[in-house]
Amino acid sequence: MTDTTPIKHPTPLTGDFTEAGEPFALFTEWFSEAAKSEPNDPNAMALATVDADGLPDLRMVLMKGHDSTGFVFYSHIASQKGRELAANPKAALLFHWKSLRRQVRIRGTVSPVTDAEADAYFASRPKQAQLGAWASKQSQALESRFAFEQAIAKVAGRYLIGEVPRPPGWSGWRIAPLRFEFWHDRPFRLHDRIEFRRETPDQPWSKTRLYP
């Protein structure tokens, strides 16, 4: 039986986003709208890396900061993504905001955040999350959930009183974009796609409209 339910499309953007001359301000505008409409984690982004054999790897992480220098997330340095970024400091990001029918693709180079940045963000996390960062050997084999809970309890006993310091093997990375693509759903798959491109972070952006 053919589904004749009409497809609902998002309310058109105020103004023409394709006229934007700079991608960071446009991202901030879209992210602000997503924060109001997405039911969960508007800062969730897919992070793509490549392993030593050239096989792509992909997972969801949470963006914890963004400005004109790039997009920041945090994790364990010895995790799968941490090892892959150390060997090949390039990555791709994807934000998909289903409530707005929009997505943003980002590709660029990766560098570690400063110790001061990592310390400040770690201090802002809930204590249980801080304890979990100490207890987890991220991406390594885990014999049982109970073993993990025991490790958390052991760390909790160590830091029963006072602040929990940042683990030495836990930090963050910043992706400095060289490519942005803004995608906005339109009826009948006649979508809008605008790409911003630069060869190095200190160069100006060029802009191209792409076929959908």
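Read the figures in this text as sums done on the coordinates, not as results from a lab. It should be emphasised that the depicted structure is a prediction, and the values quoted were computed from it without experimental measurement. Using ideal geometry, Cβ is built from the backbone for each residue, glycine included, and neighbour counts are taken over all protein chains shown.
Amide H contacts of Asp57: Thr49, Val50, Asp51, each under 5 Å away and 5 or more positions distant or on a separate chain (H built 1.01 Å from N in the peptide plane; Pro and chain starts excluded). Treating each Cα of segment 65-131 as one equal point scatterer and applying the Debye formula with no solvent, the log10 of I(q)/I(0) at q = 0.24 Å⁻¹ comes out as -1.18.
Taking amide H as placed 1.01 Å from N in the peptide plane, Asp192 has its amide H under 5 Å from the amide H of His184, Arg186, each at least 5 places away in sequence or on another chain. Just list whichever of Lys64/Lys137; Lys36/Lys137; Lys36/Lys90; Lys81/Lys127 have alpha carbons separated by over 29 Å in the model shown. From the list (Lys64/Lys137; Lys36/Lys137; Lys36/Lys90; Lys81/Lys127), the Cα-Cα distance tops 29 Å for Lys36/Lys137; Lys36/Lys90. Near Asp185, once Lys and Arg are set to +1 and Asp and Glu to -1 for all other residues with Cβ below 9 Å from its Cβ, the sum equals +3.
Applying the Karplus relation 6.51 cos²θ - 1.76 cosθ + 1.60 with θ = phi - 60° to segment 34-49 yields 3J(HN,Hα) values of 5, 4, 8, 10, 6, x, 9, 6, x, 8, 5, 9, 7, 10, 10, 10 Hz, where x marks Gly and Pro.
Counting neighbouring Cβ atoms within 10 Å and putting the fewest first, the residues Tyr159, Tyr211, Tyr121, Tyr74 line up as Tyr211, Tyr159, Tyr121, Tyr74.
For a modelled paramagnetic label at Arg179, 7 Å from Cα along Cα-to-Cβ, the residues of segment 74-99 in reach, with backbone nitrogen under 15 Å, are 90-95. Can you tell which of Leu26, Ala176, His191 lies farthest toward the positive end of the dipole of the chain, using +1 and -1 charges on the Cβ of basic and acidic side chains (Lys, Arg; Asp, Glu)? Farthest along the dipole direction, towards plus: His191.
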